[in-house]
Every structure is written in structure tokens, then in C-alpha cells.
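Note sheet for the following structure.
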Amino acid sequence: MSNGSNGSNGSDGIESRLKEDRRFSPPTPFTFRARLKTAAEYERLYKQSLEEAETFWREQTTDLVFQRPFDKFREWLLPHAKFFVGAKLNITESCLDRHLTTDARTRAAIVWEGEPGETRTLTYFELHREVVRFAARLADLGVKPGDRVAIYMGMLPETAVAMLACARLGATHSVVFGGFSAEALRDRINDCEAKVLITQDGAWRRGNVVPLKKMADDAVAQSPTIERVVVYRRMTHELAPVTMKEGRDIWWDDLLTHTPSEEALARAKKPEGFDAEHPLFILYTSGSTGKPKGVLHTTAGYLAGVHVTSKYVFDLKPSDLYWCTADVGWVTGHSYIVYGPLSNGASCLVYEGAPNFPDPGRFWQMIERHGVTILYTAPTAIRAFIRWGDDWPNKYDLSSLRLLGSVGEPINPEAWIWYQRVIGKERCPIVDTWWQTETGSIMLTTLPGTHATKPGSTGKPFFGVHIDVVKDAGKSCDANEGGKLIIREPWPAMARTLYRDDARFKSAYWEQMPGVYFTGDGARRDQDGYFWVVGRIDDVLNVAGHRIGTAEIESALVSHPAVAEAAAVGKPDELKGQALVVFVTLKSGQTADEKMKKALGEHIDREIGKFARPDQVRFADALPKTRSGKIMRRLLRDVAAGVTEARGDTSTLEDLSVLAKLRGDEE
Ligand code: 7RM
């Protein structure tokens, strides 16, 4: 069923059954201080969240700032839902202003470390001040509520400032991960018709400078809607030479020297309250067609979702230093670096660079140096650390850690145990959090103080989450029976639509199984109500925690002049979870050689970004197809994985010799 498994959930063999039964109770010293301490507390709140949803969410959001309270908690007209109907709010007041009258005022909001090692701290007072200053200037550049602003930056405090400044003005931000190419940036800007682009001269990555502004120039050359480009100076001119286009480009620092208009300053200082359903951001993510989906999130429900999950899943306290290692260009960065933690007044560590620069001890050195208490990272990173060896973490004092988290893909029990033993020293609970760009906030996890964890399981539904495993017919599966992971009722932080493509929002999520939200994942629920997510069962891959659509890769490949046809599939990979394998047929007269492989790899770098470069390019005379002409990816997956026997039904295969040839091509 799965193309996403990395061997974690094998259900055959007594050994793996026994392994799956391992469970770890929350360490007593953790539970002693935890916000929620017992399974009964979880049960009570979970029950309330489903049966008296309005009361639950009202009580859980009293610390958030609403300029006008809601009239009605939810309106559901499948597949569209509204939450906190009638409320007015400015999300940045919950993330910033509310902390100015509490102890959080002088607390670190962001502790930043650059890849070369320099550090900067912004208190809530300072972060608020910077957001107000920048928002006022953005307003004077003509940014109005509802306008789209693209942000193409690395991991800097200013990236959060830019996002929050947009939100303050009611502009919709679209953050594009700095690993995307100029072409990918251009497509994302053009799809949402962004008016302003905020970028930086260059970003550090593993000792190299990623020339973001240069790539932004290439993108904007073909983006007619961009009027202004704001450039933050991270480098020097020597490190990242930049050409500024007169009348279009302006340095962030120069912009701040402009005296803002009275009107702009007023808008920044005393922010407008927007409707609960006012768009907050668009984030592009891969689906099963070649075109990325512009997932749209709105204001009040999203804030409520990330606020409450951050509080309970990470058990955030004023004394914590919380570190989410995701890039702000992915949803994890939006929800669990920016909006969730800041709405809780948490102190967040933000790191600019690579985990193995200058050496593989970097993360552990940073944990020791800053006294990190909560670490939230991805299984692919954990597997890399394992490979680099225990000596690196063992060199550092990790005793400040009290809680560990995992996100992005299924974690194999071996990696889980290593994380718990070598990093957590068996003192820290692990929260394995399952969620998606579309869900906005965490949907499945064990809460750290209330339940035992089982390595490889994402635990139980979070409050308000009506989640189930079903067969095609929509019937719930029995305990331990595999099926499709679906969500039965809308939840506050769910995506409201796909930007300007509501038809696709309906067909991609709500029509595969009529009336319920289909996640695209396969899963089972065990006898204790714990969920085990296997991975994607659609045409989406998860390569090193990056979500990549096979169709996107294929359409990028066929845009190369030498390529006739292409098929992309995933292959189980110890380190990346899945590796990307592409099968390519070339046009006649083209030579299938190493040079061509390299050219195709570079073509993907340009079209999408280096992170999407295929691990393996395999040439074929023909691809296996059904009689109706559909590429049989199932067979190609087997070929890529080295399965030699044709499994399953090949009766619709047009020409069996095609398959035999592909197998012969094994490297
Ligand atoms: C947060 C994020 C979503 C897909 C999702 C799953 C996979 C994420 C877990 C997981 C097993 C987890 N958003 N996934 N978390 N699988 N266990 N804890 O990753 O939109 O980029 O990806 O990632 O397949 O559908 S995402």
C-alpha cells in the first residue's frame, strides 16, 4: 500500500510486533512540572473539545487578543468552514502587543545564531518595535490589506519581522523556501500576483553564500506584478554582490531611514482588526499534479490552532528556550517558529545554517551554548546524526533538554530510540507530531506529560481532531487494520481553500472520500487508540522531510529539450526516508550517458531547487504503461526498489518486455 514506509511499521514477524509494543511512560520529573499530567486530563479535554467545542475553544483562547469577540464558533458548509465567525482581530497583537504588558516584555522572543557563529537576541519589546517600524514602511510602499507579499529569505530574525509586518497590515504573505530556484520563485510569485518581494542579498549555507537576491532578480524579471523589492543586507558586497534596480529595489536599512507617513505609522502602531477569516498566508505545497497548490490559511482559526497546540504539545513555559529546526519556508516554520510560539510568549532559538557546519556537532554545541530546553526536529536529521556518530552529541552538555519532538515523516523506531537515549538521555519525552501544510496545526501526537509513547507511533488525536482510519467505502477500520487517514470534521486551523483554485481544494481533499477530508496518508490505529502513520499513498514523495510531487518532477524533466517522457518514483532510503528515482526516455538522437544525467540533475536544480535533485536517473527505451497510456508507477517503484518479481496485476501492461528491460538496467 505504501510508497512512504521506511521500514518502521513492518507488521510481520514476532520481533517487530514486540518492538512495537515497547512503550515509555513520561519521566516523572517531566510530568511533575507539566501543564497536563494525566491521561484523565487529556480525556476530559478531548471529550470537551468534541462535545462542547465552543466552550473548549473559548476557554483555551482567553489569552489571545480579539478586538471583537466571535458570535458563532463554527459554520460548516462542506467543504468550507468558518471559525470564530464575526470576530475581529489582528494576529500580531496576540504574538507581540499582548506581551508588552507582562514579564514577556523583556524576555527573548528570538535568540538567533548565524552560521558563522554570531548571535543576536530580540526581546518581545524589540521584536514588536521592529515589526511596527517595518510595517509602517511597507504601508508607505503601498502594501494594503489583501495584497500579496512574497518573502524569499533564509533564517533571520528579519524573516519573522517581515511575516509579522505583513500580517499587521492585513497583507497575505507567501514565504518561498530559500532552497527553491529562481524559476520556482517566479511561478509562486506569479500565481499569487505578489506586489512586493522581500529578500536578502545572500544566505549562509554550509559555508557557502546562497545568492538569494540574484535569484530573486531572475525571478522578478518574469514577474510583472512585482512593484518593489526590499533587500535585507546579510552579507557584504564582496560576499554577495548585488545590483539594485533603480526605482524598484530598496535596501531594508535604507527603507527604515525614511520617515513614515502619519497614516502608515498609525496603521503600524494601532493595527486594524481583520475579520476572523481574513487571509493570513499562502504557502505552496506539492500535490499530485505538476502545479503546486497555494494552500490558504486565514486568521482566527489558524491562530487558535497553533496557539493551543504549541502550549500543550511543547508544554511551553517562560523558562524554556524552544528550538524548532525547520526552515521558515515550510509550514512547520510558520506554525511552530513564528505564530504558535510567539502567541505563547515563548523564547525561540533560530539558526541560520546547516546542522553539520563547521562540523556535525553544531546542533549539540548550540544546545549547550544557549541552554535549549525543547528541541523539535525531523527524522531525516536524526538519521543523519546517527550516521555521523554518537561522539558528536556526547561531547556536549545536553542536560538542559527536557522535551524532544519529531515531525515531517514517519520516524523509524531505531531512530526514535537513538533520539531518546543519546540526545534525551532517557529523561525527555518525545512528541511525534503528525500534521500537514493543509492542517495548519498538529493533529496527532502524544501529549508529553499524559501518555506513554510508543516508538514510531504518532500517538493520539489532539483536542478537537475527529480523525479516523477507513477503507475506501468510508467504513472505520478495525484496530490494527491498515487504511486511509481521514478527518471527519473541520478544525480551526484547517486550510480554507487553494488560492484561486477552489475546485481543486474540493477535488484534492474532499471528494476522494465524500464528505470527509482525505489526508493522502495511509495509517492504522492500534488497540490502544494510537495512530501509526505509514506515509503517503498518493503521488507525493517525502524526500528528507521535503514534500515533493512526482508530477512536478516529471513536468520539470519533460521541459528539458532532450526528454521525451519521464516518471518519478520513491525508493526506500535509510537516510532520506525516500530517495527520488526518475525514469527517463530521451528523444531520438539524444545520448543516454553520464553527461545527460548530470544535465538533467542541473535542470531540476534550476526548475525546482537543489533539494529536489533526483538521487538516481535511469534511462529507458520505454516506460511501462497501461493500455490506456497511463504510466504504471507501481511497477516502477518495484523496479527502483530492486524487487525482481513483477508483483500484483500486470495484465493491463502494454508490453511486458519494457519491464524486463528496465530491470536489466539495474545499477
Ligand atoms: C508538517 C509537515 C505532510 C506530510 C504528511 C505525512 C508526513 C508529517 C509526520 C508525517 C508520519 C509524522 N507538513 N508527515 N509528519 N508522517 N509521522 N509525524 O510535514 O505538508 O510538508 O507534509 O508529511 O505524509 O501527509 S507537510
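The values are calculated or read from the model by the stated rules, or taken from the named source; none is laboratory data. Just so you know, these numbers come straight off a predicted model, no measurement behind them. Virtual Cβ from ideal backbone geometry, glycine too; neighbours counted across all protein chains shown. Heads up: the accessible areas ignore ligands, DNA and RNA and are worked out on the full protein's heavy atoms, side chains in. Shrake-Rupley method; radii C 1.70, N 1.55, O 1.52, S 1.80 Å.
Give all pairs with beta carbons closer than 6 Å in which a residue from segment 530-547 that is aromatic (Phe, Trp, Tyr) meets a residue that is within 8 Å of the ligand (Cβ to nearest atom); count only pairs at least 6 apart in sequence or on separate chains.
The qualifying pairs are Phe531/Leu444; Phe531/Thr458.
Let me confirm something: among Thr445, Thr437, which residue is in contact with a strand residue (DSSP E or B) (Cβ under 8 Å, 6 or more places away or on another chain), open to solvent by 10 Å² or more (accessible area, probe 1.4 Å), among the hydroxyl-bearing types (Ser, Thr, Tyr) and within 12 Å of the ligand (Cβ to nearest atom)?
Checking each option against the conditions leaves just Thr437.
Could you list, in sequence order, the residues of segment 514-547 that are surrounded by fewer than 17 Cβ atoms within 10 Å (Cβ to Cβ) and away from the ligand (no atom under 15 Å from the Cβ)?
Pro514, Gly515, Gln527, Asp528, Gly529
Looking at segment 490-525 only, could you name the residues that are at pLDDT 95 or above, assigned to a loop (DSSP other than H, G, I, E, B) and of a type outside the set (A, V, I, L, M)?
Pro490, Trp491, Pro492, Arg496, Tyr499, Arg500, Asp501
Kindly indicate whether Ala579 is open to solvent by less than 10 Å² (accessible area, probe 1.4 Å) and out of contact with any Ser or Thr (no Cβ under 9 Å at 6 or more places or on another chain).
Spelling it out, Ala579 is indeed open to solvent by less than 10 Å² (accessible area, probe 1.4 Å) and out of contact with any Ser or Thr (no Cβ under 9 Å at 6 or more places or on another chain).
Scan segment 82-109 for residues that are in contact with a strand residue (DSSP E or B) (Cβ under 9 Å, 6 or more places away or on another chain), open to solvent by 10 Å² or more (accessible area, probe 1.4 Å) and within 16 Å of Ala276 (Cα to Cα) and report the count.
4
Which one of these does Thr450 not meet: (1) surrounded by 23 or more Cβ atoms within 10 Å (Cβ to Cβ); (2) within 16 Å of the ligand (Cβ to nearest atom)?
(2)
With the structure loaded, tell me whether Thr257 is among the hydroxyl-bearing types (Ser, Thr, Tyr) and modelled with pLDDT of 95 or more or whether it fails that test.
Yes.
Considering every residue within segment 410-423, establish whether at least one is farther than 24 Å from Glu93 by Cβ, open to solvent by 10 Å² or more (accessible area, probe 1.4 Å), at pLDDT below 95 and assigned to a loop (DSSP other than H, G, I, E, B).
There is at least one residue in segment 410-423 that is farther than 24 Å from Glu93 by Cβ, open to solvent by 10 Å² or more (accessible area, probe 1.4 Å), at pLDDT below 95 and assigned to a loop (DSSP other than H, G, I, E, B).
Is at least one residue of segment 381-392 within 15 Å of the ligand (Cβ to nearest atom), open to solvent by less than 10 Å² (accessible area, probe 1.4 Å) and within 29 Å of Phe281 (Cα to Cα)?
Looking only at segment 381-392, we keep the residues that are within 15 Å of the ligand (Cβ to nearest atom), and these are 381-383.
From what is left, the residues that are open to solvent by less than 10 Å² (accessible area, probe 1.4 Å) are 382.
Those left that are additionally within 29 Å of Phe281 (Cα to Cα): none.
Looking for residues that are within 15 Å of the ligand (Cβ to nearest atom), open to solvent by less than 10 Å² (accessible area, probe 1.4 Å) and within 29 Å of Phe281 (Cα to Cα), one finds none in segment 381-392, hence no.
For segment 21-58, what are the residues that are farther than 21 Å from Leu316 by Cα, surrounded by fewer than 13 Cβ atoms within 10 Å (Cβ to Cβ) and either touching a residue at least 40 places away in the same chain (Cβ under 8 Å) or hydrophobic (A, V, I, L, M, F, W, C) (or both)?
Asp21
Among (1) surrounded by 24 or more Cβ atoms within 10 Å (Cβ to Cβ); (2) within 20 Å of Gln67 (Cα to Cα), which single condition is Lys293 missing?
(2)
Applying the selection to segment 162-181, what residues are in a loop (DSSP other than H, G, I, E, B) and on the phi < 0 side of the Ramachandran plot?
Those that are in a loop (DSSP other than H, G, I, E, B) and on the phi < 0 side of the Ramachandran plot: Ala171, Val176, Phe177, Gly178, Gly179, Ser181.
Is it the case that some residue within segment 613-620 is open to solvent by 70 Å² or more (accessible area, probe 1.4 Å), within 18 Å of Ser559 (Cα to Cα) and assigned to a loop (DSSP other than H, G, I, E, B)?
Step one: filter segment 613-620 for residues open to solvent by 70 Å² or more (accessible area, probe 1.4 Å), giving 613, 615.
Next, only the ones that are within 18 Å of Ser559 (Cα to Cα) stay: 613.
Add one more test, that the residue is assigned to a loop (DSSP other than H, G, I, E, B), and what stays is 613.
Within segment 613-620, one or more residues are open to solvent by 70 Å² or more (accessible area, probe 1.4 Å), within 18 Å of Ser559 (Cα to Cα) and assigned to a loop (DSSP other than H, G, I, E, B).
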